[in-house]
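Have a look at the structure below, then the notes.
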Amino acid sequence: MKPSTRRRLFRGVLYAVFVIALVAVVLAADWEAIRENFFDAEVAREAFPTIITVAVKNTIIYTVIAFAGGLLLGLLLALMKLSPVAPYRWAATAYIELFRGLPALLVIFGFAFAVPIAFDWRPPGGSAGAGLLALIIVSGAYIAETIRAGIQAVPSGQAEAARSLGMGPAWTMISVTLPQAFRIITPPLTNELVILIKDTSLLFIAGMALQDRELTTFARDSVSQTANATPLVLAALMYLIITLPLTQLVAKLERHNQRGR
């Protein structure tokens, strides 16, 4: 048998196995139970419009705040890590390694419960504020490494040319290096934004007030109230509506950057 024939036969077997498995799942599933427990129209109607006006709105707000704060913190840490002053490099490296090594859930729990107990202080915004502060701290560590890599990816000749024109190191970094670095790191930064959207679901551990709930907390509370999983399906759908366009944007930006090279 020719190799090409064997490959076609092998692909045919794989297709057949897939079709058989799909038919088996379709025949074995209890579609009525699935509809009642995951796609109940009455439960879905009760979730609207609150799931949009509260849960989706808060998820987007929390994401924007966490990303903006993490971006500013990450930029500061990246510049510190590239600083010629050794203590700044040590401090930035220690911070980045610490918070990249800790689970975000643990950091949120610490700021929501341990910090207020230890220091008799609560971040502004209550539980939501504590969770957001933790997300900013964690995301800043990851974004710092992304920005650092982007800065180092800019050809050194660009900075040298700027200095030859009389620009100082600070102005060279601001006007020459950083704009080029951010063009390079736009896809990974967008990916960090997508991750943050999903990480807002961890804020439930802080205990959210009704008006502060994001999608996951709203879905959890609704499931408890209705004894039905339809709110979880709705929350998953909302996450996909938010994140899928962004993931497609990341792919498009990566293709654009590859063509630019």
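Hey, with R₀ at 41 Å, roughly what FRET efficiency would ALA149 and ALA114 work out to, going by the Cβ-Cβ distance, to 0.05?
Working: r = 32 Å, r/R0 = 0.79.
For R0 = 41 Å, the calculated efficiency reads 0.80.
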Taking 51 Å as R0, compute the FRET efficiency from the Cβ-Cβ separation of ALA68 and ALA16 and round it to 0.05. 0.50
To the nearest Å², the heavy-atom accessible area per residue of the chain with 1.4 Å probe amounts to 58 Å²
Carbon and sulfur together cover what percent of the accessible area of the chain at a 1.4 Å probe radius? 69 percent
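For the pair ARG89 and ARG6, what calculated FRET efficiency results from E = 1/(1 + (r/R0)^6), where r is the Cβ-Cβ distance and R0 = 51 Å, to the nearest 0.05? Display every interim value, and only then the final one.
Details: r = 57 Å, r/R0 = 1.12.
Computed FRET efficiency for ARG6 and ARG89: 0.35.
Arrange the peptides 145-156, 90-101 so that the one whose residues have, on average, the most other Cβ atoms within 10 Å appears first.
Details: 145-156: 16.9, 90-101: 14.7.
Ranked by mean Cβ neighbours within 10 Å, highest first: 145-156, 90-101.
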Just to be sure I understand the curve: with the Debye formula and one point per C-alpha of the chain, what is log10 I(q)/I(0) at q = 0.13, 0.15, 0.16 Å⁻¹? -0.97, -1.10, -1.17
Which value, in Å² rounded to 10, gives the accessible area of LYS198 with a 1.4 Å probe and all protein chains present? 110 Å²
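Please report, in debye to the nearest 20, how large the charge dipole of the chain is about its Cα centre when each Lys and Arg carries +1 at its beta carbon and each Asp and Glu carries -1 there. Walk me through the numbers before you get to the answer.
Details: 22 positive and 16 negative charges, 313 e Å.
With only Lys, Arg, Asp and Glu charged at Cβ, the dipole is about 1500 debye.
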Amide H neighbours of ASP40 under 5 Å, at least 5 residues apart or on other chains, H built in the peptide plane: list them. THR230
VAL223 to ASN37: extension gain in nm, 0.36 nm per residue of separation minus the Cα-Cα distance? 65.9 nm
Which of ALA206, PHE67, PRO116 sits closest to the plus end of the dipole of the chain, meaning its Cα is farthest towards the positive end, when Lys and Arg get +1 and Asp and Glu get -1 on the C-beta? PHE67
What distance in nm separates the simple spin-label points at LEU210 and THR243, each placed 7 Å from Cα in the Cβ direction? 2.9 nm
At a 10 angstrom cut-off on C-beta neighbours, averaged per residue, how do the peptides 245-251, 11-17 rank from highest to lowest? 245-251, 11-17
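Counting helices only, and only those DSSP H runs with n ≥ 4, report the 222 nm mean residue ellipticity of the chain as the sum of -39,500 (n - 2.57) divided by its residues, in deg cm²/dmol to the nearest 500. Walk me through the numbers on the way to the answer.
Numbers: 13 runs with 199 residues, N = 261.
Helices in the chain give a 222 nm mean residue ellipticity of -25000 deg cm²/dmol.
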With only Lys, Arg, Asp and Glu charged, each at its Cβ (+1 for the first two, -1 for the last two), find how big the charge dipole of region 1-118 is about the Cα centre; round to the nearest 20 debye. 1060 debye
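The values are calculated or read from the model by the stated rules, or taken from the named source; none is laboratory data. Bear in mind the structure is a predicted one, so any value in this text is a computation, not a measurement. Glycine also receives a Cβ, built like all others from the backbone with ideal geometry; neighbour counts cover every protein chain displayed. What goes into the accessible areas is simple: the full protein's heavy atoms, side chains included, and nothing from ligands, DNA or RNA. Shrake-Rupley method; radii C 1.70, N 1.55, O 1.52, S 1.80 Å.
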